[in-house]
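Single-structure report; data block below.
The values are calculated or read from the model by the stated rules, or taken from the named source; none is laboratory data. Note that the structure is a prediction, hence the values are computed from the model and not measured. Here Cβ is always computed from backbone atoms with ideal geometry, including for glycine, and neighbour counts include all displayed protein chains. Accessible surface is based on the protein model in full, side chains and every heavy atom, while ligands, DNA and RNA are left aside. Shrake-Rupley method; radii C 1.70, N 1.55, O 1.52, S 1.80 Å.
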Number of protein chains: 2
Amino acid sequence: MAPVMRLPTERGEDVQRRLEAVGLRPTLARRLVLELLYETNCHYTAEEMLEALRARGTPLSVATLYQNLRQLVERGLLRKVTGPDGVVRYDANLEPHHHLICRRCGRMVDVAVEGLPATLRPVPLPTTPSAERELARWRVLAPHVELEAICPSCQEQEEAFHA
Amino acid sequence: MAPVMRLPTERGEDVQRRLEAVGLRPTLARRLVLELLYETNCHYTAEEMLEALRARGTPLSVATLYQNLRQLVERGLLRKVTGPDGVVRYDANLEPHHHLICRRCGRMVDVAVEGLPATLRPVPLPTTPSAERELARWRVLAPHVELEAICPSCQEQEEAFHA
DNA sequence: ATCATTGCAAACTGTTTGCATCAAG
DNA sequence: CTTGATGCAAACAGTTTGCAATGAT
């Protein structure tokens with residue numbers, strides 16, 4: 001089923017290489033955080049990471065976690081993302097991508113979006129000549145699409161509730 | 001230039017009507033908040049509102065502001081939006097729309113987006129049959145586009161800095 | 001007289017910092 | 001031996017809550 005089997009050492013070396021590539025020492029804390037995110041492919045909150053690491057028998061202190069998350073974001077190994085609910089999560093996927101976000105539980109998964117034009121031109125609301133002129137002066141960098149949705153498990157919960 | 005001139009009383013009555021329409025008494029605090037947002041068309045943070053109201057000579061206490069913001073959001077007169085920087089702002093524009101957001105200062109303006117297809121289909125990353133199947137079970141509600149950008153005044157600041 | 005609203009102060013949540021200790025180069 | 005990492009505890013920012021005073025019906 002899984003054609004490429006990643007051995008722990010292989011992943012560990014990968015993590016170590018990435019850390020050194022950005023000038024960070026491959027300390028235990030940093031390796032634990034990155035390995036967790038790479039393995040699970042989830043968008044954890046800081047709290048969720050604390051719990052996950054505790055559950056794995058490799059707990060970290062809050063201070064250490066936050067200190068390292070900040071460094072990892074600064075050095076570009078992680079991205080900090082804030083959902084529409086205001087909850088901060090960390091994303092190990094560095095490729096440009098979009099998010100599917102559950103409106104109920106905040107769960108977030110990486111997606112591409114089919115049918116998205118290469119360039120998206122903003123149009124002012126309300127549309128007036130002066131607003132148009134002002135808007136033209138913004139330099140648009142990148143579009144980020146958030147697809148609000150209901151995830152499968154929240155749908156089930158809703159169905160159970162209505163039954 | 002402005003074909004329809006809104007007199008203060010007119011706007012006041014509008015605010016009052018809207019409040020009553022959702023079953024909220026048109027108290028001073030609520031009218032001040034709504035009038036501020038309708039007049040300026042800005043996406044204020046709570047702190048910015050406190051300051052703006054103080055500057056207008058009609059200060060509110062933090063508690064009162066937050067209490068009322070929550071009610072106004074609950075009753076659907078305002079929308080709470082969190083930018084990519086994690087800062088919470090309030091949006092009085094209830095029509096579906098997108099946001100142009102300054103990466104430097106967080107300023108946010110409402111826009112429509114030209115060329116956006118009616119339906120956007122999410123595609124899993126990485127694309128595998130099982131991921132595809134799982135993704136198909138999400139119920140997609142609404143796409144929300146955030147255009148990261150640099151606003152005119154931040155562009156000027158950058159130019160001044162490089163000179 | 002009753003019930004909603006205000007606003008102070010205290011509580012709370014998520015995050016950051018100061019600092020003593022410990023580990024690595 | 002010098003520099004960086006850890007983790008406790010205290011500080012901090014933004015938001016919420018308890019409660020007494022006030023205002024509206």
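Of all beta bridges DSSP finds with both residues in chain B, what is the antiparallel percent, to the nearest 5?
Of all bridge pairs located within chain B, approximately 70 percent are antiparallel.
Can you give the accessible area of residue B:138, probe radius 1.4 Å, in Å² rounded to 10?
For residue B:138, solvent-accessible area is about 20 Å².
Please report, in cubic angstrom per residue, the volume enclosed by the convex hull of the alpha-carbon atoms of region A:100-154.
120 Å³
Which whole number gives the average, over all residues in B:113-120, of C-beta atoms from other chains lying within 10 Å of the residue C-beta?
5
Note down the accessible area of residue A:33, probe 1.4 Å, to the nearest 10 Å².
The accessible area of residue A:33 comes to roughly 0 Å².
Note down the accessible area of residue A:80, probe 1.4 Å, to the nearest 10 Å².
Using a 1.4 Å probe on the heavy atoms, I get roughly 110 Å².
Can you give me the distance in nm between label points at residue A:105 and residue A:28, each placed 7 Å from the Cα along the Cα-to-Cβ direction?
In this crude spin-label approximation the distance works out to 3.2 nm.
I need the shape label for region B:35-94. Rule: rounded when a/c is under 1.5, else prolate if a/b > b/c, else oblate, with a, b, c from the alpha carbon gyration tensor.
It comes out rounded by the Cα gyration axes.
Put a point 7 Å out from Cα along the line to Cβ at residue B:14; what are the distances to that point in the other copies, in nm, shortest first?
5.6
Taking all protein chains as present, what is the carbon and sulfur share of the accessible area of region A:1-138, in % to the nearest whole number, probe 1.4 Å?
In region A:1-138, the share of accessible area belonging to carbon and sulfur is 53 percent.
Any idea what Rg and Dmax come out to for chain A if you just take the C-alpha atoms, in Å?
19.8, 61
Given label points at 7 Å from Cα along Cα→Cβ, what nm distances, shortest first, separate residue B:161 from the same residue in every other copy?
Shortest to longest, the spacings are 4.5 nm.
By its C-alpha gyration tensor, with a ≥ b ≥ c as the square roots of the eigenvalues, how is the protein assembly as shown shaped: rounded for a/c under 1.5, else prolate for a/b larger than b/c, else oblate?
It is prolate, given that a/c is not under 1.5 and a/b is the larger ratio.
Nm distances between the label at residue B:54 and the same-position labels in the remaining copies, 7 Å along Cα→Cβ, shortest first?
When each copy's label point is compared with this one, the spacings are 3.9 nm.
Which residues of region A:143-163 end up with at least 40 Å² less accessible area in the presence of all protein chains than when their chain stands alone, using a 1.4 Å probe?
Going by heavy-atom accessible area, the residues of region A:143-163 that drop by at least 40 Å² are A:144, A:146, A:147, A:148, A:150, A:152, A:155.
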